[in-house]
Amino acid sequence: MSADPVAADLGALAATLTAAVVAPPWVAFVSLGDGFGTLLTRDDRCHLVLPPPAAPAAFLSSPGAALRVRTFAVWEPDLAGVVLSTDGCAALALDHPAVHRLPPDVGPLPAAGFFLGLAATLRENHGDAEPLRRRLSGPEAGRTGDDLTVVCALVEGG
């Protein structure tokens, strides 16, 4: 227990903010905390544009949080979608570089099966996210004790 009750209360408010503004072919990402963002292309590629933070994450209630906001703008003419996730989804959504025979310093890579499968399922079900909810609450997702949040925006015709 913290000797400073205000500091303890602020710790309970540690919140992540991850957002994207999608205006094809442009996407702007902003993040504070431990979320990550991936963009999908029409030719079934996934790009981890907003990776999880390498250093311990700063949260909305962290001192100096405004200085730790991460922003990225991307122009992608073949944009098919954008997926934002919380760090609890990392085990499902990100591959270790060794999976792709790359050195560890490359950092995490998007698991194409997760992202492309997500987009295909949402398109097939006309946006019904129930299959995703089942997957995130199923045994495969049980590897983490953290929150599992996924937000997906698909480009029409993508």
| task | May I ask you to derive the relative contact order of the chain, considering only C-alpha pairs under 8 Å and at least 6 residues apart, and to give it as an integer percent? | result | 25 percent
| query | Anyone know which of Ser85, Ser62, Ser137 comes out most mobile in the 10 Å Cα GNM of the chain? | reply | Ser137
| field | Semi-axis lengths, Å, the chain, gyration tensor of Cα atoms, sqrt of 5 times eigenvalues | value | 28, 18, 16
| message | Where in the chain is the longest stretch that carries no trypsin sites (Lys or Arg not before Pro) classed as loop by DSSP and with at most 15 other Cβ atoms within 10 Å? | response | 102-158
| task | Pop out the carbon and sulfur fraction of the accessible area of the chain as a percent, whole number, probe 1.4 Å. | result | 60 percent
| note | Here the net charge surrounding His47, from other residues whose Cβ is less than 15 Å away from its Cβ (Lys, Arg +1; Asp, Glu -1), is -3
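The values are calculated or read from the model by the stated rules, or taken from the named source; none is laboratory data. It should be emphasised that the depicted structure is a prediction, and the values quoted were computed from it without experimental measurement. Note that each Cβ is placed from the backbone with ideal geometry, even for glycine, and that neighbours are counted across all protein chains shown. For the accessible areas, the whole protein counts, side chains as well, though only heavy atoms, and no ligand, DNA or RNA atoms are used. Shrake-Rupley method; radii C 1.70, N 1.55, O 1.52, S 1.80 Å.
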